[in-house]
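Accompanying notes for the structure given below.
The values are calculated or read from the model by the stated rules, or taken from the named source; none is laboratory data. The shown structure was predicted, so the numbers you read here are calculated from the model rather than taken from an experiment. Virtual Cβ from ideal backbone geometry, glycine too; neighbours counted across all protein chains shown. Heavy atoms of the whole protein, side chains included, go into the accessibility calculation; ligands, DNA and RNA do not. Shrake-Rupley method; radii C 1.70, N 1.55, O 1.52, S 1.80 Å.
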Amino acid sequence: MFAVEFDSVWKIYKKDFKQVTALKNIILKIPQNSIFSIIGPNGAGKTTALKIITGITYPTKGKVKVLGGDISDSNIKKRVGFLPENPSFFSNITPFEFLKFVLYTSEGSIEEDKIISALNEVGLLKEKNEKVKKFSKGMVQRLGIAQAIIHNPDLIVLDEPFSGLDPIAKEKLKEIILNFFKKGKTIILSSHNLFDVESLSTHITLIKEGEIKIGGMLKSLQSHANYEIEFYGEIKSWGKRKVKKVGEKSIIILENEKEFEEFLINASDLKLKIVSVNLSLNNYLKRYYQ
Amino acid sequence: MKKTIYTTHVIFKEIVRDKFFLFLGLSSLLFFLLTIIFNEMVVGQTAKVTKDLTLSALNIFPFLFLLIYGTRLISKEIESKSIYTILIRPFKRWEYFLANLLALFFSTIILNLIIFLLGITTIFIFYGEIWIKAPFIHLLFTLLESLLLSGFAVFYSAIFSSSVSVMLFFITYGIGHSIEESLKSITEGSGVALKPFLNIIKFIIPNLSFFDYKTELLYSIKIPERTLTLSALYSFTYTFLIFILAVYFFRRKEL
């Protein structure tokens, strides 16, 4: 069974008296127990897709199944956690009160230990009785994460989850996501920044102008990965590839495995000392952003 | 239903902790202090003016509260997108709408009670008079009016932007309080055939004169016994219809 299935989904809405097609015939199957990243430039349709999954908006045409059922069903909805992009909350309510509300509406009971543990996990325990209006953007984002995971959902949908977080909080969030993944849960992330999600994802799909441009398991996509090689040495180019100087080190980006192997063979002849090799889909996917 | 009640409780807390609500509470206190000073300095010691102002305050403050806060209740949640973190919870949109309506109405009850208590306390302390029955009856009528107006405020705030909601609410209030007089003058000048039609219009257009018995209460004129029951029936029925209409539109609204 799939965690989410989009069957020929269209979303058309009116904005300023014009019709806007946010999603065009999307066919998508998100496997259970995966970390599925939806990437794409701003306005690509990522948020619309996530809003459909979470039942905040409805498809104009087509069908969507979430956890094998309809998201409007309360029993399905209580198994879903959602962090919207730039989340916002009741401003005069404290995080503790808001999480009580989340637990009560999802589970019908309130276990304060769960609230304490969730607040502790996102680093908001000290501020549990502060009003949300006093929070910084990063703190609001962390509360957003807490409310998305506190009821231990089977499907967690995170829209631009790394936005507004400092590097330590980003690492903590990645750890939380991986823990949920290890427990067999499904996590759907959206991001306009591939760097944030590449290291985490089991699957990546790129959406642009409401259409899926490319997608699949990370391993299969990695055959298209670029090799970013950092080295010491005095060359200005290698074949067609230019070398960029960064301080004492040089960086070269190679497009495929064959080029990389050739470069390794020639490295000793050219007296190059390789420092690091990074695999990245960024350059490959960048073309779809343009 | 338990979830709706809990959501109402959370929204109610959000409202009564707002600075504007506190501001109105303190303003009503200031209003009564100024009334007494004004009475002492200019008019002399007459309880009548204070009584009149107490009954007027029971209309003015809830109106201001609903106009400035109530009409933004849902629209500000939509604009700030905080509605997403609410609607993701396992309940329907109509339940969220109902929770907002109830929370807003309960907040106006609190505001009305504060003004009521301030009014009767002022009369007792400064004029030594126990004056409860008339303001209490006026309070009941005001609460019925507040329920209907809460329905309109939440309806407008769920469908329109904050500025449009404020405008529509103001117009509704204006029409509501002038419709009876306007229809009366039209009826006098019209033929017999038009009268049944105008009588129906009187109920269809929100008619707030059904809740306005201030003059009668102030001058101890008897109000027919069933008036309160009929006004309650009108308020509940009208609010229910607004609720149905609002839910119909709100369910289809793109968020």
* Restricting segment A:138-149 to residues that are within 13 Å of chain B (Cβ to nearest Cβ) and free of Cβ contacts under 8 Å to residues at least 60 places away in the same chain, which is nearest to A:PRO84 (Cα to Cα)? -> A:GLN141
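Quick check, is A:LEU158 under 12 Å from the mean Cα position of the chain (by Cα) and part of a loop (DSSP other than H, G, I, E, B)? Steps first, answer last, please.
Numbers: under 12 Å from the mean Cα position of the chain (by Cα): yes; part of a loop (DSSP other than H, G, I, E, B): no.
In short, no.
Consider A:ASN92 carefully, then state whether it is touching a residue at least 40 places away in the same chain (Cβ under 8 Å) and out of contact with any helix residue (DSSP H, G or I) (no Cβ under 6 Å at 6 or more places or on another chain).
Working: touching a residue at least 40 places away in the same chain (Cβ under 8 Å): yes; out of contact with any helix residue (DSSP H, G or I) (no Cβ under 6 Å at 6 or more places or on another chain): no.
It is false that A:ASN92 is touching a residue at least 40 places away in the same chain (Cβ under 8 Å) and out of contact with any helix residue (DSSP H, G or I) (no Cβ under 6 Å at 6 or more places or on another chain).
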* Return only the number of the condition from (1) at pLDDT 90 or above; (2) within 14 Å of another protein chain (Cβ to nearest Cβ); (3) buried (at least 21 other Cβ atoms within 10 Å of the Cβ) that B:LEU66 does not satisfy. => (2)
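May I ask you to say which residue of B:SER80, B:SER146 is out of contact with any helix residue (DSSP H, G or I) (no Cβ under 6 Å at 6 or more places or on another chain) and of a type in the set (Ser, Thr, Tyr)?
Values: B:SER146 fails: out of contact with any helix residue (DSSP H, G or I) (no Cβ under 6 Å at 6 or more places or on another chain).
It is B:SER80.
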* Structure fact -> Reported set for segment A:91-119 where residues are facing another protein chain (nearest Cβ under 7 Å) and either touching a Phe, Trp or Tyr at 6+ places or on another chain (Cβ under 7 Å) or polar (S, T, N, Q) (or both) is A:ASN92, A:PHE101, A:TYR104, A:THR105, A:SER106
* **Residue, farthest from the other protein chains (Cβ to nearest Cβ), within segment A:27-49, restricted to residues that are buried (at least 24 other Cβ atoms within 10 Å of the Cβ) and aliphatic (A, V, I, L, M)** => A:ILE39
* State which residue is modelled with the lowest pLDDT when the search covers only segment B:1-20 and only residues that are surrounded by 18 or more Cβ atoms within 10 Å (Cβ to Cβ) and more than 9 Å from chain A (Cβ to nearest Cβ). => B:THR4
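Looking at B:PHE63, B:PHE23 in this structure, which one is of a type outside the set (S, T, N, Q), without any contact (Cβ under 8 Å) to a residue 60 or more places away in the chain, on the phi < 0 side of the Ramachandran plot and out of contact with any Cys (no Cβ under 7 Å at 6 or more places or on another chain)?
Residue meeting the stated conditions: B:PHE23.
Just checking, which of A:LYS128, A:LYS114, A:LYS133 is among the basic types (Lys, Arg) and outside any helix (DSSP H, G or I)? Please lay out each step first, then the result.
Details: A:LYS114 fails: outside any helix (DSSP H, G or I); A:LYS133 fails: outside any helix (DSSP H, G or I).
Among A:LYS128, A:LYS114, A:LYS133, only A:LYS128 is among the basic types (Lys, Arg) and outside any helix (DSSP H, G or I).
Looking at A:GLU257, A:GLU198, A:GLU230, can you tell me which residue is under 30 Å from A:ARG142 (Cα atoms) and not hydroxyl-bearing (Ser, Thr, Tyr)?
Selected residue: A:GLU198, the only one of A:GLU257, A:GLU198, A:GLU230 that is under 30 Å from A:ARG142 (Cα atoms) and not hydroxyl-bearing (Ser, Thr, Tyr).
Condition first: over 27 Å from A:SER37 (Cα atoms), outside any loop (DSSP other than H, G, I, E, B) and of a type outside the set (Gly, Ala, Ser). Now tell me which residues in segment A:233-259 satisfy that. Outline the logic, then answer.
Taking segment A:233-259 as the starting set, the residues that turn out to be over 27 Å from A:SER37 (Cα atoms) are A:233-252, A:258-259.
Now drop any that are not outside any loop (DSSP other than H, G, I, E, B), which leaves A:237-238, A:241-246, A:249-252, A:258-259.
Across segment A:233-259, the qualifying residues are A:TRP238, A:ARG241, A:LYS242, A:VAL243, A:LYS244, A:LYS245, A:VAL246, A:LYS249, A:ILE251, A:ILE252, A:LYS258, A:GLU259.
Which residues, taken from segment A:54-79, are more than 7 Å from chain B (Cβ to nearest Cβ) and either assigned to a helix (DSSP H, G or I) or surrounded by 16 or more Cβ atoms within 10 Å (Cβ to Cβ) (or both)?
The first filter runs over segment A:54-79 and keeps only residues more than 7 Å from chain B (Cβ to nearest Cβ), leaving A:55, A:58-73, A:75-76, A:79.
Correct list: A:GLY55, A:PRO59, A:GLY62, A:VAL64, A:LYS65, A:VAL66, A:LEU67, A:ILE71, A:ASN75, A:ILE76, A:ARG79.
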* Asked: Looking only at strands (runs of 3 or more DSSP E) that fall completely inside segment A:163-230, which ones have 1 or more residues that are of a type in the set (D, E, K, R)?
  -> A:203-208, A:211-217
* Hey, A:LEU178 hits all of (1) within 30 Å of A:MET1 (Cβ to Cβ); (2) open to solvent by less than 60 Å² (accessible area, probe 1.4 Å); (3) aliphatic (A, V, I, L, M) but one; which does it fall short on? -> (2)
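Residues are listed down the side, and each one gets a yes or a no for (1) modelled with pLDDT of 90 or more; (2) within 19 Å of A:LYS174 (Cβ to Cβ); (3) open to solvent by less than 20 Å² (accessible area, probe 1.4 Å):
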site	(1), (2), (3)
A:VAL122	no, yes, yes
A:SER136	no, no, no
A:ALA146	yes, yes, yes
A:ASP154	yes, no, no
